[in-house]
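> This structure is in structure tokens; I'll ask about it shortly.
The values are calculated or read from the model by the stated rules, or taken from the named source; none is laboratory data. Because the structure is predicted, anything quoted here is derived from the model rather than measured. Note that we place each Cβ from the backbone using ideal geometry, even for glycine, and neighbour counts take in every protein chain shown. Heavy atoms of the whole protein, side chains included, go into the accessibility calculation; ligands, DNA and RNA do not. Shrake-Rupley method; radii C 1.70, N 1.55, O 1.52, S 1.80 Å.
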Amino acid sequence: MQAKRARTNGSQRNGHGSQRQNPRKRQQEVEEEMSEGEAEGDGDYEDIFPNGTDRRGKKNTRLTDEQLQQIKEDKEFEEEMEPKIQDAIFNRPKRQGDIAEMGIIQSLELINFMCHKNLKFHFGPQINFIIGHNGSGKSAILTALTVALGGKAMATSRASSLKTLIKEGEPAAEVTVVLKNKGPEAFNYDIYGDYISITRRLTMEGSTSYKIKGAKSDKTISSKRDELTAICDHMNIQVDNPMNVLTQDTARQFLSASKPKDKYAFFLRGTQLLQLSLEYELIRENNNRMGQVIGQKKEVIPELEKEADEARNRFQEAEKARDQRNRLDTLMEEKAWSIIFDKEKVSLMNRSAGISPDLVGFQEVKKHKERVEGAERVLPKLSTEFETADEVAPLEEKRTRVHGAVRNKKQEIMQITNDEKEMNGEKKRIDQVILELKQQLEEETRKLREDTREQHEAAQARLHVVREKLEEARTVVAEHARHHDELRNQHRKTKEELKEAEREREDVKKAIQESQNVITHMQKTKTNSMQGYGNKIPELLELIKQESNWFGQPPLGPFGMYVDAKQNAGQFVPVLKVILGHMMRGFVLTDARDRTKLKRLLDETNNRDTQIVISERDIFEYAHAEPPPEILTFLRVLDFKDEWVKRIFINSHRIETTLLCKNRAEAASLFNQYSMIGSAFCADGLQYRKYKYECSFSTRTSADTSPIAMEFLSSDDINPSASDAKEKLHSDERRYQEIVQQLQPLQRNLTQFEAELKRMQRTGEELERAVRVAQNEVESVELDMRQDEPANLDSIQQAIRETELERQNIISQFTTLEERRTEIDNEVKPLLAEQESLKEQMAKYEIRIADLQTHLGDLAAKRAQAQSNRNHYEIRLQEENKKITDLRGVLQASEQELTNWTAQVTEKYNRIEKARKTETIEKEIHGIERALKERAARGGASVDEMAIELTRTKATLDQAKKDLSDMEKLQKSLRQALYARQDKWHTFRRHIAIRAKLGFQKYLNKRGYFGKLDFNHAVNTLELKVQTEDAVGTQRAREKDPKSLSGGEKSFSTICLLLSLWEAISCPIRCLDEFDVFMDAVNRRISMSMLTSTAKEMAGVQYVLITPQDMSSIKLGPEVRVHRMNDPERGQGQLNFH
């Protein structure tokens, strides 16, 4: 079913759009559509998530069969995996996270940026709080960080263009961020050193530039945006991800303004599942375009076959022409003897009757001489006209220049159109915000008129009394807590010693259990070699054999029966087990219709998690994709007993190109040496990946000790023997007894401390109970006052003014763009007219040049013919004149000439006794010559040339057929790879959703709240439900929609959601702006505790938290650094907005 779903998603736009563009550009368009949808408030995302919604974004209760099947599979997956994930989350031991060696911020410097003239921050490696009063420029720190790392103006939610971020009155601004760059994963450490400094300069002209420096030199190493992109990709820094950098506006609107589909889009975008989906869609589109290319190549094949047939016909025609030339030579021989015979007759007649010379030649010479002179007079004029008429080159150069100018103008118009679309979306969002603020202002104004001053003053007096009572109770509790902490420290130290001993005992116990499992498994394997491939495998194979009505070939499997390790696997066996262990239980089918039947047999034998592969029996060639022979790959350490199973592993895990290396350094060296891209697994558990543009990273694989992995590659030459396992078991049992003896004195001391702690705990509970009573009185009075008092009208009016100012700025920019569009249209019109004029002139010149070439050719041929005729008749005239001068001499010369001709012809040709008339022979000669000329005019060539042409066309046809076959094989491989990756994507999405749901519940429970995340992957929605502590056990005990929560409850719920989703991302920097602005003291204290404890446990992550609240009441540790902003300047005439 997973393979079927993958094909369906591939053919139905994969649920996430199908525009043909790269994934980054498509993701930007998706984010713009999300912003536009939030502004309009209609939740219209049919272009992104078409399944399950109508054109207005409303839920469509009629789900397709495919969606119902997906919901069923999601539910089954959740029922199976939720207990395991819940156990991992709630029972995870607390630990101190390591400090990141790479990718965190060391310092940030602002010069003339927003409200800061010159400000520099040095950040701590883990937790950083930036505090200060409103207007002190706290949020400018977050904006500067986003801009310095390449973010756009719209991503900051602070400006529509970067130049508006420059301090008023200054020509330019600079933002410099210094990133840590240490450790084995550092980015180009030999070039940059221990840190990387990135400076971005903004000018009032709208230009921007970068300077990227390192620790080894103060010189600029690079100024290209591509280098900054490579650095951020290597360090996995995502400034445009709202889960990494959460601004005030996004935090304020997320729970209250967004709809279920918007929240789901936020989830996909933040976890980068959206980008993966778009990349898969791009692969599918490329595959479809490849199919179109294949179709086009198929259409070309008949044309190539036709061309080959025509070449064959021309070759045959050339052979006929060769025979005609041979016939022409024979006729010329006959003509020569025919002329000799005619001369002999004339000579005989002259001797008998006297010589009568033919004087016609004189007239012929005169006529052809006049023709030659006429052609020579005209020919120079035509040649001069032809040379001066060749003015196409200047016109072509001018046309190219005009065409480039038109293209640049059109590109500028396209950019203006994109900017206007972005501004329209932003304007719609601002209009909606203004409308909501005005409605809120009207409501608060109405409430204000209904209140009475006397009630407010009485409530204030009551609040003062209960607060004094609360402070007294807290003072007593603080003194008791100090003594309690001293005793707890002693108890904690003893407990840690005991815990460490118990942990070692459990580790040894676990090792004993694992050794027993290994020994038991080895004993079972001796009797049943298929024990590790599933439950009741012999019975399952017998059931498969008994089934006869398979649509395709019977299932083949389990795969582990056909795979084993070679002797050179050695140290890589643990890695092979982790990567391929689960695949060993799989079966393959050739027809998807057999999937239901095989799934039923697997369920009957309790093999529900067995993988089913749908694949044709294609024994394709894979050697061309393998690396050089000296490089070790998965395929080269495995022995396959079935070639089809080998191809399945190649398609699913790319074992022919996945490398095996000792460590990461060796992997990086091989990829650089052979200029390869791909992945490699190391013997120490690391996975190294290399992408294009020098981008690479490594992750660690987890160990797998399941019976499946143990059975896989269970060669005696590779795995330890049973005697080794028993020896290890005895050693672990002896160590277990030693640890048990060490635990007894520690447990006695711990019991004494616990008894004393219980006594102090009871006393503390009584004091805490008194504090809670006083706290409840304070909260009760404050709650009554909040319900009676309206919101701050001034802040709402200020927000309306700020939002209207932002709207006016967008309208002004839109007007400027429209004016620029009009200017470009006016500039393009004369260019288009000039382009059309140049096109017509070039066409006229080309026609004129062609006519002159034809005329010159005809005239030159006529002149050559006239010259030949003139020369011929001049010779005849000379002969006749000589005859007239001396008839006898002419007769003698004629006879001598006849004798000479006869000798020459005899020397060249054999004498024939009889010949036809010369006129008859010449007619036949002229016919053959005319036929040869006509063939030459048709482009005729020699027999050798035709033979070469025939060979070329046949080779072209054969190559086209071969290319077509190769492309069809490649398309098939790409399609199968896409199906496999889409299945992995669905599984990954389910895992993240379950972890987020459980984490959300876990963090809400810390406040006494209850709630849930309701994911519906079929219709792409995410709904949040929260039940606060005030409604528990009452008639109002129901789950609240986020819109009905108070400001503090919304902020607290947002923090819980972010903490639950942060575990699914790996960015080293996480920023929150004014996350606690609406929280009360209780919510803020719990939120701070959750944030700090989570930050301490997270390894390699740096937090930047911005708050206007005071931090004096929050208990901080050494890993927390607090930065206090200077108070804003007072008494200024007006606020400067940038």
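> State the number of residues belonging to segment 615-655 that are over 22 Å from residue 966 (Cα atoms), outside any loop (DSSP other than H, G, I, E, B) and touching a Ser or Thr at 6+ places or on another chain (Cβ under 8 Å).
The qualifying residues number 1.
> While we're here: I'm told residue 233 meets every condition in (1) over 19 Å from residue 101 (Cα atoms); (2) out of contact with any Ser or Thr (no Cβ under 7 Å at 6 or more places or on another chain); (3) assigned to a helix (DSSP H, G or I); (4) modelled with pLDDT under 90 except one. Can you identify the failing condition by its number?
All conditions are met except number (1).
Conditions (1) over 31 Å from the mean Cα position of the chain (by Cα); (2) open to solvent by 40 Å² or more (accessible area, probe 1.4 Å), marked per residue:
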{"residue": "606", "(1), (2)": "yes, yes"}
{"residue": "625", "(1), (2)": "no, yes"}
{"residue": "630", "(1), (2)": "yes, yes"}
{"residue": "637", "(1), (2)": "yes, no"}
{"residue": "641", "(1), (2)": "yes, yes"}
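Residue-by-condition table, conditions (1) closer than 30 Å to residue 1093 by Cβ; (2) crowded, with 20+ Cβ neighbours inside 10 Å:
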{"site": "147", "(1), (2)": "no, yes"}
{"site": "177", "(1), (2)": "yes, yes"}
{"site": "186", "(1), (2)": "yes, yes"}
{"site": "197", "(1), (2)": "no, yes"}
{"site": "210", "(1), (2)": "no, no"}
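> Given (1) in contact (Cβ under 8 Å) with a residue 60 or more places away in the chain; (2) touching a strand residue (DSSP E or B) at 6+ places or on another chain (Cβ under 7 Å); (3) among the hydroxyl-bearing types (Ser, Thr, Tyr), identify the lone condition not met by residue 156.
The number of the failed condition is (2).
> Sticking with this structure for a sec: Tell me, please, whether a residue that is modelled with pLDDT of 75 or more and not assigned by the TED database to the domain that holds residue 625 can be found in segment 936-947.
Yes; the residues of segment 936-947 include at least one that is modelled with pLDDT of 75 or more and not assigned by the TED database to the domain that holds residue 625.
Per-residue answers, yes or no, for (1) modelled with pLDDT under 85; (2) not in a strand (DSSP E or B):
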{"position": "89", "(1), (2)": "yes, yes"}
{"position": "93", "(1), (2)": "yes, yes"}
{"position": "100", "(1), (2)": "yes, yes"}
{"position": "111", "(1), (2)": "no, no"}
{"position": "120", "(1), (2)": "no, no"}
{"position": "147", "(1), (2)": "no, yes"}
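> Another question about this same structure. Please determine, by comparing only the residues of segment 168-196 that are small (Gly, Ala, Ser) and part of a strand (DSSP E or B), which one is nearest to residue 140 (Cα to Cα). Steps first, please.
Within segment 168-196, the first condition is being small (Gly, Ala, Ser), and the residues that meet it are 169, 172-173, 183, 186, 193.
From what's left, part of a strand (DSSP E or B): 172-173.
On the way: 172: 16, 173: 13 Å.
Within segment 168-196, the match that is nearest to residue 140 (Cα to Cα) is 173.
> Have a look at 138, 163 and point out the one that is closer than 21 Å to residue 246 by Cα and of a type in the set (Lys, Arg). It would help to see each step written out before you state the result.
Details: 163 fails: closer than 21 Å to residue 246 by Cα.
None of the other options fit; the residue is 138.
> A follow-up question, please. Only one of (1) closer than 30 Å to residue 584 by Cα; (2) modelled with pLDDT of 70 or more; (3) open to solvent by less than 50 Å² (accessible area, probe 1.4 Å) fails for residue 498. Which number is that?
(1)
> Of (1) modelled with pLDDT of 85 or more; (2) closer than 30 Å to residue 744 by Cβ; (3) basic (Lys, Arg), residue 545 satisfies all except one. Which?
Of (1) modelled with pLDDT of 85 or more; (2) closer than 30 Å to residue 744 by Cβ; (3) basic (Lys, Arg), only one is false for residue 545: (2).
> Shifting gears a bit: Could you count how many residues in segment 268-315 are of a type in the set (A, V, I, L, M, F, W, C) and modelled with pLDDT under 80? Steps first, please.
Initial filter on segment 268-315 (of a type in the set (A, V, I, L, M, F, W, C)): 268, 273-274, 276, 278, 282-283, 290, 293-294, 300-301, 304, 308, 311, 315.
Right, trim to modelled with pLDDT under 80 and you get 311, 315.
Number of matching residues: 2.
> Does segment 1052-1073 contain at least one residue that is surrounded by 22 or more Cβ atoms within 10 Å (Cβ to Cβ), among the acidic types (Asp, Glu) and modelled with pLDDT of 75 or more?
Taking every residue of segment 1052-1073 in turn, at least one turns out to be surrounded by 22 or more Cβ atoms within 10 Å (Cβ to Cβ), among the acidic types (Asp, Glu) and modelled with pLDDT of 75 or more.
> Then there's this: When you scan segment 127-144, do you find a residue that is part of a loop (DSSP other than H, G, I, E, B) and within 18 Å of residue 239 (Cα to Cα), even just one?
Within segment 127-144, none of the residues are part of a loop (DSSP other than H, G, I, E, B) and within 18 Å of residue 239 (Cα to Cα).
> Given the conditions (1) open to solvent by less than 30 Å² (accessible area, probe 1.4 Å); (2) over 21 Å from residue 980 (Cα atoms), report the number of the one that residue 563 does not fulfil.
Single failed check for residue 563: (2).
> Of the conditions (1) of a type outside the set (Phe, Trp, Tyr); (2) over 25 Å from residue 592 (Cα atoms); (3) open to solvent by 50 Å² or more (accessible area, probe 1.4 Å), residue 617 fails just one. Which one is it?
(2)
> For residue 652, state whether it is at pLDDT below 85, crowded, with 16+ Cβ neighbours inside 10 Å and farther than 15 Å from residue 575 by Cβ.
no
Yes/no matrix, rows are residues, columns are (1) touching a strand residue (DSSP E or B) at 6+ places or on another chain (Cβ under 9 Å); (2) at pLDDT below 75; (3) more than 17 Å from residue 160 (Cβ to Cβ):
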| site | (1), (2), (3) |
| --- | --- |
| 788 | no, yes, yes |
| 792 | no, yes, yes |
| 800 | no, no, yes |
| 803 | no, no, no |
| 807 | no, no, no |
| 812 | no, no, no |
